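Notes follow once the structure below has been shown.
Read-outs throughout are calculated quantities, based only on the coordinates presented, and are distinct from any laboratory measurement. Computed from a predicted model, the values in this text were never measured in an experiment. Glycine gets a Cβ as well: all are built from the backbone with ideal geometry, and neighbour counts include every protein chain shown.
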Amino acid sequence: MIIRKASVSDAYSIARVNLETWKTAYSGIISQDYLDSLSYKKYEKIWEDILKNRNKKSFIYVAQDENRNIIGFAWAGLERSGLSKYNGELHAIYVLKKYQRRGIGKSLFLTIFKNLYRMNIKNIIVWVLKKSMYRTFYEFLQGKNVGEKKDKIGDKNYDLVAYGWDNIDIIE
C-alpha cells in the first residue's frame, strides 16, 4: 500500500471511493433514495473543485493498492464551523469495503494527524453519523465523544456525534 498526497487527476478515483463507501456504509441509515441519487459525475466535479481550490491549511491523501488504484482517502484541515474549541477537523476518511480492516484507515488517519501537527494544530474533531457502525474506528483510535448535532443530508435530518482528540501529538 502507498499513501501519497492527492492531485487534481485523482478526482474521479476519490469520487468513486467516496460514493461506493457511502452506498455500503450508510445503507439502512441514510435514505436509499438519496444514496441512489448520488452521481459519479457530480462527485468527480466536487472533488476536482476541492483539489483545485484547497489552501495550505487543507490537504487530501490517498491510499493506493499494489496496482496503484486508489482504495481510500482522507481529507483534513482547519475546523470549519468556527464554533468548536478544536482547531483541526478530519473532514472525510473512506476506505473501500474490500480493503477495510487492513490498517489502511489507520495509516491515513495517522498521516493526517502528522500533517496537522506540523501545521501547529494540536487538537482535532470529526463528525460521524450517530447510527454508523464505523464510530468504533474513532473510539479505537482514542477519540472521545465530545458533542452531538443534527445535519441535513438530502431532505432529511440525521444525528451526528463528534469525536475529539485534545492532544494529537500522543497518537501513534
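Couple of notes before you dig in:
- Rounded to the nearest 20, the Cβ-based charge dipole of region 24-131 about its Cα centre (Lys and Arg +1, Asp and Glu -1) stands at 380 debye.
- Kirkwood Rh in Å, taken over all unlike Cα pairs in region 2-170: 16.4
- Cross-link pairs 56/98; 131/156; 23/98; 42/106; 42/114; 114/150 - those with Cα-Cα distance over 25 Å: 56/98; 42/106; 42/114; 114/150
- Within the same chain, aspartates and glutamates fewer than 8 places from residue 130 are excluded, and of the rest, those with a Cα less than 19 Å from its Cα are 89, 139, 148, 151, 155, 159.
- Nitroxide proxy distance, nm - points 7 Å out along Cα→Cβ at residue 118 and residue 39: 3.7
- Under the combined filter of DSSP loop state and at most 11 neighbouring Cβ atoms within 10 Å, region 89-160 retains these trypsin sites (Lys or Arg not before Pro): 101.
- Cα gyration tensor, region 95-136 - rounded (a/c under 1.5), prolate or oblate: oblate
- Reachable aspartates and glutamates, given that their alpha-carbon falls under 18 Å from the alpha-carbon of residue 152 and they are not under 8 places away in the same chain: 33, 36
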